[in-house]
Structure formats: C-alpha cells, structure tokens
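As structure tokens, the structure follows; a few thoughts come after it.
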Amino acid sequence: MLLGALLAALTLSGIAASPAVADDGSTASGSEEYDYHFSGIVKLDDKPLEGVAITIDGGGFKETVDTDVEGRWKIGVPEKAKYTLTVDESTLPKGIIVEGDSASQEVEFGLTQTKVVNLFLGEGVRETTSFADQFVERIFNGLNFGLLLALAAIGVSLIFGTTGLTNFAHAEMVTFGAIMALVFGVILNLPLWLAILVALILSGVFGWAMDAGLWRPLRRKGLGLIPLMIVSIGLSLALRYVFQFFIGGKTYQLPGAGAAKIELFGPIKLSVIDMVSMGTSIVVLIAVAIWLTRTRIGKATRAISDNPALAAASGIDVDRVIRIVWILAAVLAGLAGILWAYFRPGVKWDMGMHILLLIFAAVILGGLGTAFGALVGAIIVGLLVEISTLWLPPDIKYVGALVVLIVILMFRPQGILGRRERLG
C-alpha cells in the first residue's frame, strides 16, 4: 500500500503522459520504427554537405546515419531521454570541424517528439585528448561507479551471509530508492537533501516490509534456498512491472543531473554531483565497516554468518538481527539507486536490473558472504567497466569486467578475500 500510494502521485501528476507529436518535415535517413526523432541539416557556407556521418548514442541504443544530398539526416530513438550526438569529423571537408570543445554534444527532447539539432561548422584543427589523460579520467569515473556499486553489493552480501538467500529482487530495491527520490524531489518538489533523506527512510521501511511480510514467514516454513531464490526472481519481475505501471517506460532526471564538469587538475574533470557522490559513498562505507566490526549488532551479524544455530544458542535474537540486516541492505540499495540515477544519468523503471549482474559479479569476485570482499570486488568491477571503454565500444563495456571475473575465479574460486564463513 505504501508503494502504491507514493507512486500514484506520478500518475496523478501526469508524469507518464505522452508528449505531443511534432514533425519538422526533414528527410528520414535513419530508423523509422520509433516515435521519437532527432534530425537536422548540415551545411557549410549555406551549401549542404552529403555523406557526413552522424551518431546518436545513449541508454544502450546506438545508430549512425549519413546526411543525404540536401545535407539532411534523421535518426529515430526508442525513448525520450538524454543522448550523445557525435559527428564523425573525418567525413567533413578537410580543415573543417564542429565548433566547440568536442565533436560530441548531449541532446534531449523538449515537449515534442522531434528534436532539431543545429550543428555549426568552422575551420580549425581538433585537439585530441592523449591516451594517458583518457586513462586517468576513466580511473576516476571507475572509482565513482565502483563505490556506488559497492553500496548495493554490500547489501547483497549481508543478506546472503545471514540468510543464504541470493536476492534477485535487490535490483528493484536499487530502483525503489531512485524512484522515491524522483517522487519527492521532482513531483512533490521538496529540497533535494530532504527528498533523498525521505527516500532512504522509505527504502528502509521497504526492506523491513519485505522481510516481515515475505521472507520471515518463508524462513519459518523451512523453504529451501533454491525455492527462495526463485521467489526472489518472481518478486523482482513483479516489482519491476509495478514500477513501469506507475512511471511508464521513459527516463526522468533528478535535480542537478547532467551538471557541467569542473576541471580539477590535469585531465581530471568531475562535476559537483560526482564529488558529492564519491564522498558520500566513502563515508557510508566507512560507517558500515565500523558498524560491522565495533557494534554489538554488527558482531552478532558476523556470528550469525559463521553459525546461525550456535549464534541462536548463545542468546542472539537471529530474527531481529536479520530484520536489521534487511533494513540496512535496503537503505544501502536505495542510496546506490539515487547515486546510480545521477551517474547514468536518469531514473527508469528497470534501471536496477542494468547493474544487477555487476552487483553479483562484485560479490562473487570479492568472496561470497564477505562484506569487505564485496567492497573490493565492486571497486575492481567499476574500474574495469570504465577503463575498458578505451578499447571496447560503450555498449559492451560490461563484458570486460565479467571476463576478468571468470578468469580470476578459475584461479581463486573462493574469491579475492575468500572466506565464505565470515561476513566482515
């Protein structure tokens, strides 16, 4: 009921309404099966340029078209979201480049289904970024991604360590946090810090409700781990399509998303959001480490991971500790979802599913059931994903991380830290 009441605000506010149709009359030279289109005309000194390659890339979609004899181009895209438009400057006349810092620019739709993009050309020579500078820049992007991935991965590891459950619905816990931030930060227009705080509180309530309403009753019935995993898959699908029902299939932006990057030193450029994201992740991860190693509940959590029966015999309230673990894991997942919405950027109904495999990869790479191993694994995966784009197309950048996972496990099957019996 809590989820339905909160998400109903989206429908009542008209956020899922379809935009009005517009047509700029440009000649189609790209895919026509989509409702949304980018288009334009490429000219130099009022003369159309034929054969200029234009690429639209974003959200797993990528397509390239060439301008026609009138210099016109048009590309259909599957959803109304933010994309990157890139002009292949090698297809322009010699000595001509796209004006600006780069041949790429971010483009997005307004109120219509068609966006006309104006490209300004001029004489010049493009200054390219060296491989070393690109490498350093991607290391920082990888650390940012790895830290937010660690927040979600530690939650998965905590749940697995205390209950043995491989929770596929963790992806929807990630999505839930981002959607709640969207509801309170955009729809209800609360200050961003307050919207995030409310989203995290509701994420904790969401985790408590899932354990109290589903997982604890199933544990008491003695359901095996395989049936529990299948239940988590079904729960994941159900929640995912509940999200889609309320917010639709489009991508929405949180306040401040896509902020300009600031040149810090050398090739390193980070936006204020990036710096806040990395700082927040580090502080939260340190707090979780202290909680696991210094507090009574944290030590009890580790004891249950070692031996639940012995922990119960020693007077530890196992159900209470597991309930706390579910709440903490949900809060961490919700925070990861909010940071992921800024990193992508965008909130979408299935956004958690896009990184679920990487979350599991981080947990397995670090060592099943070890929270600190999940942290190490997440940072490695994040770095590999971002650095791999130096050689791999962005659409398949996750493949490199998964290949490395397989290679490492061939030589160290228990993972990097490799102590399954320990959680922290």
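Would you check if Glu123 is more than 23 Å from Tyr83 (Cα to Cα) and at pLDDT below 85? Working first, answer last.
On the way: more than 23 Å from Tyr83 (Cα to Cα): yes; at pLDDT below 85: yes.
Taking the combined requirement at face value, the residue satisfies it.
Could you pull out every one of the helices (runs of 4 or more DSSP H) wholly within region 259-322 that has 3 or more residues that are surrounded by 11 or more Cβ atoms within 10 Å (Cβ to Cβ) and in contact (Cβ under 8 Å) with a residue 40 or more places away in the chain?
Working: elements: 272-294, 296-306, 308-313.
Passing ranges, in order: 272-294, 296-306.
For region 345-354, state whether one or more residues are part of a helix (DSSP H, G or I), of a type outside the set (A, V, I, L, M, F, W, C) and open to solvent by less than 10 Å² (accessible area, probe 1.4 Å). It would help to see each step written out before you state the result.
Let us first name the residues in region 345-354 that are part of a helix (DSSP H, G or I), namely 351-354.
Subset that is of a type outside the set (A, V, I, L, M, F, W, C): 352, 354.
From what is left, the residues that are open to solvent by less than 10 Å² (accessible area, probe 1.4 Å) are 352.
Yes: region 345-354 contains one or more residues that are part of a helix (DSSP H, G or I), of a type outside the set (A, V, I, L, M, F, W, C) and open to solvent by less than 10 Å² (accessible area, probe 1.4 Å).
For Leu235, indicate whether it is in a helix (DSSP H, G or I), in contact (Cβ under 8 Å) with a residue 24 or more places away in the chain, open to solvent by 20 Å² or more (accessible area, probe 1.4 Å) and under 20 Å from Ala330 (Cα atoms).
Details: in a helix (DSSP H, G or I): yes; in contact (Cβ under 8 Å) with a residue 24 or more places away in the chain: yes; open to solvent by 20 Å² or more (accessible area, probe 1.4 Å): yes; under 20 Å from Ala330 (Cα atoms): yes.
So Leu235 passes the test.
How about region 71-85: which of its residues are surrounded by fewer than 18 Cβ atoms within 10 Å (Cβ to Cβ) and assigned to a strand (DSSP E or B)?
Thr84
Residue by residue through region 355-392, note down the ones that are in contact (Cβ under 8 Å) with a residue 60 or more places away in the chain and outside any helix (DSSP H, G or I).
Of all residues in region 355-392, those in contact (Cβ under 8 Å) with a residue 60 or more places away in the chain come to 355-356, 358-360, 362-363, 366, 368-375, 377-387, 389-390.
Answer for region 355-392, where residues must be in contact (Cβ under 8 Å) with a residue 60 or more places away in the chain and outside any helix (DSSP H, G or I): Leu368, Gly369, Thr370.
Taking Val156, is it at pLDDT 85 or above, in contact with a Pro (Cβ under 7 Å, 6 or more places away or on another chain) and either part of a helix (DSSP H, G or I) or open to solvent by 30 Å² or more (accessible area, probe 1.4 Å) (or both)? If you could, list the steps in order and put the result at the bottom.
Details: at pLDDT 85 or above: yes; in contact with a Pro (Cβ under 7 Å, 6 or more places away or on another chain): no; either part of a helix (DSSP H, G or I) or open to solvent by 30 Å² or more (accessible area, probe 1.4 Å) (or both): yes.
Judged against the criteria, Val156 is not a match.
Within region 163-194, track down each residue that is without any contact (Cβ under 8 Å) to a residue 40 or more places away in the chain and part of a helix (DSSP H, G or I).
Narrowing region 163-194 to residues without any contact (Cβ under 8 Å) to a residue 40 or more places away in the chain: 184, 189-191, 193-194.
Of everything in region 163-194, those that are without any contact (Cβ under 8 Å) to a residue 40 or more places away in the chain and part of a helix (DSSP H, G or I) turn out to be Phe184, Trp193, Leu194.
Looking at region 207-232, which of the residues that are of a type outside the set (A, V, I, L, M, F, W, C), open to solvent by less than 40 Å² (accessible area, probe 1.4 Å) and part of a helix (DSSP H, G or I) is nearest to Thr166 (Cα to Cα)? Before the answer, list the steps.
Initial filter on region 207-232 (of a type outside the set (A, V, I, L, M, F, W, C)): 207, 211, 213, 216-217, 219-222, 224, 227, 232.
Retained after the next criterion (residues that are open to solvent by less than 40 Å² (accessible area, probe 1.4 Å)): 207, 211, 224, 232.
After this cut, where a residue has to be part of a helix (DSSP H, G or I) as well, the list is 207, 211, 232.
On the way: Gly207: 15, Asp211: 14, Ser232: 8 Å.
The residue in question is Ser232.
Take Gly204 and decide whether it is at pLDDT 95 or above and in contact with a helix residue (DSSP H, G or I) (Cβ under 8 Å, 6 or more places away or on another chain). Working first, answer last.
Details: at pLDDT 95 or above: yes; in contact with a helix residue (DSSP H, G or I) (Cβ under 8 Å, 6 or more places away or on another chain): yes.
Yes; evaluated as a whole, the condition is true for this residue.
The values are calculated or read from the model by the stated rules, or taken from the named source; none is laboratory data. Quantities reported herein were computed from a predicted structural model and do not represent experimental measurements. Glycine also receives a Cβ, built like all others from the backbone with ideal geometry; neighbour counts cover every protein chain displayed. The area values use the complete protein model at the heavy-atom level, side chains included, leaving out ligands, DNA and RNA. Shrake-Rupley method; radii C 1.70, N 1.55, O 1.52, S 1.80 Å.
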